[in-house]
Amino acid sequence: MAGRIPRTFIEELLERADIVEVINARVPLKKAGRNFVARCPFHDEKTPSFTVSPQKQFYYCFGCGATGSAIGFLMEHDHLSFPEAVEALAGHYGMSVPREGGESEDARDDEKRRRRDTLLKLNQEAAVFFARCLRQEGGKEAVAYLRSRGVDGKTARRFGLGYAPREWRALCSRYEPAVLLEAGLAIEREGGGHYDRFRHRIMFPIRNRRGQVVGFGGRSMGEAGPKYLNSPETPVFHKGREVYGLYELLEAEGRPPRILVVEGYMDVIALAQQGIRYSVATLGTAVTKEHLQLLFRYSDSLIFSFDGDKAGRKAAWKALEEAFPLLGEGRKVAFLWLPEGEDPDSMVRKEGAEAFAKRLQSAEPLSEYFFRALAEGLDLSRIEDKADLHKRVTPYLKRLPQGAFRAMMRSRLTELAGHAGVQKGNWQSGHDRQTAFLPRPSLEDRLVALLARNPGLYRRLPESLRQAGVGGQCGEFIERVFSEMEQNREQRLEDRLRGTPYHQRIRVCLAQKEFHSLQDPADEVLDIASAMEKKVYQKRLENLARKADTTGLSREEKEELRRLMQWKHA
């Protein structure tokens, strides 16, 4: 008999999961203010009464009263048991479900949950204490500093800013030191006893997306200690999973069209003070995969703006590396480079929100930054340097998910380093001059060119795409090519099409030099196939939606439309 699932794991899973993502994959949602709405999947209705709250992470139907978390939705909608729903949700986020059994394990799990609740309660009370100290006599210096940085009282209250007094035991005199130590709010003396970790500092409560205070950042008001000091890792605080300002962003913006990722607490606060309320900050650590997965739940577009010094450039490249495996369809990453010595805080105060927003529009796309950085120091008029660029770039491209973006990144590499045409005065052969200005081939033409040179790859195509091609859903050219390849003849495809209207077209495809010597044609074929499948699905979806509005759909077509809608929003 399988053991029980610890409550602490369930709580952690619900913190990691995004209920909007879970439900939208099954029931298409529409934005409505801060929430999302749809027709309730649990009862028949003509107008949407089913509401999903990304801030509170629950759903509620005003019609039938259905309500619950992401786990509850999976149980009701997918007809799963509780353990099955937990397994399904955990698997989606790459988490393994632990199992326990017996009364002793129950007791340990209850103890973990109580400890977690105790730490969250203590953090909240500490945040209230620090906020109160900011308004008292001892906080005048901190208030003056915040005002000098342009922060008003409304913004300070929104972010819960506070002040840790100078005393060594301001918190230790109020709470059990051992609990403060576990929460990261106290430090143990070598000779015995405890003292407050944060002293004479402006305090920045770090809240998770539920609004619970999980840790703190503190800026020193004096010369002692580091300028910024963060909470250590605790049972409720993990720097690699949390970002500063996300809760405040979601409260103000819901799901913004873009999220700006900066380095410091004051960057986030200064931007918010100027009306740019869609920024978050990393917590004194490099950007992690978990950070990116968290942020991509709320926006498909991320812009990174780090300091222009060596450390900032290093942080930007680290962010790019972590983003590569996550760049699926529709996701965008860009980088905003500020003048030397400037950061978002100083720039937005210097030039205002409107000018800063214009800067964001000129942020460098990840693709451009990637090739610019890896081509640095190379002379791409030289064959040796072209080969060096291939060597640098190829390992990164293999980390990209298969799809249109990966295919286009490969094509960009070919444009930069795959042609032997004129660059900086190099000569061209007569054949090069004839083909250098051929129009950019379509996905279909690129696939045909690759299959003509590598006919064995045809059987590597997804069965659904082969059927769609033979069935004419990808156009007459693909229909003819796939039909020829289904017959599995040994004769070259170009020869088989001789005398047909398609012969000249395949000759043009084969004239494109980028397909002559690809190092990994199989990957290229699969990337193009993935992009073509999406085009087929999108076209079929549009046709079914149009038919539904006119003549209506059969039961089978309705089921197909439902599946395509799930694919569209997956």
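The values are calculated or read from the model by the stated rules, or taken from the named source; none is laboratory data. Note that this is a predicted model, so its numbers are computed, not measured. Note that we place each Cβ from the backbone using ideal geometry, even for glycine, and neighbour counts take in every protein chain shown.
On the stretch given as segment 189-203, residues that are assigned to a strand (DSSP E or B) and among the charged types (D, E, K, R) total 2.
Note on segment 1-90: enclosed strands (runs of 3 or more DSSP E) holding 2 or more residues that are modelled with pLDDT under 90 and not aromatic (Phe, Trp, Tyr) are 30-32. So, of the residues in segment 490-538 that are among the polar types (S, T, N, Q) and within 22 Å of Arg466 (Cα to Cα), which turns out to be modelled with the highest pLDDT? Looking at the filtered set, the residue picked out is Ser530. Within segment 167-188, the residues that satisfy the criterion of being over 19 Å from Tyr228 (Cα atoms), touching a residue at least 12 places away in the same chain (Cβ under 8 Å) and in a loop (DSSP other than H, G, I, E, B) are Arg169, Ala170, Leu171, Cys172, Arg174, Tyr175. Buried (at least 20 other Cβ atoms within 10 Å of the Cβ) and in a strand (DSSP E or B), is that true of Leu283? In short, no. Residues in segment 10-53 that are surrounded by 16 or more Cβ atoms within 10 Å (Cβ to Cβ), more than 20 Å from the chain's Cα centre (by Cα) and either in the same structural domain as Ser299 (by TED's automatic domain parsing) or aliphatic (A, V, I, L, M) (or both): Ile10, Val27, Val37, Ala38, Val52. From the residues in segment 299-320 that are part of a loop (DSSP other than H, G, I, E, B) and surrounded by fewer than 22 Cβ atoms within 10 Å (Cβ to Cβ), which one is farthest from the chain's Cα centre (by Cα)? For segment 299-320, the residue satisfying everything is Asp309.
Considering the conditions (1) in a loop (DSSP other than H, G, I, E, B); (2) in contact (Cβ under 8 Å) with a residue 60 or more places away in the chain, Lys112 is excluded by exactly one of them, (1). So for segment 416-424 (the condition being in a helix (DSSP H, G or I), at pLDDT 85 or above and not aromatic (Phe, Trp, Tyr)), does at least one residue qualify? Checked segment 416-424: at least one residue is in a helix (DSSP H, G or I), at pLDDT 85 or above and not aromatic (Phe, Trp, Tyr).
Which one is farthest from Val262 (Cα to Cα) among residues in segment 358-386 that are modelled with pLDDT of 90 or more and aliphatic (A, V, I, L, M)? Per the stated criteria, the residue is Ala375. Of the listed requirements (1) part of a helix (DSSP H, G or I); (2) at pLDDT below 95, Ala127 misses just one: (2). Could you please find all residues in segment 232-252 being surrounded by 24 or more Cβ atoms within 10 Å (Cβ to Cβ) and over 21 Å from the mean Cα position of the chain (by Cα)? Selection gives Val236 alone.
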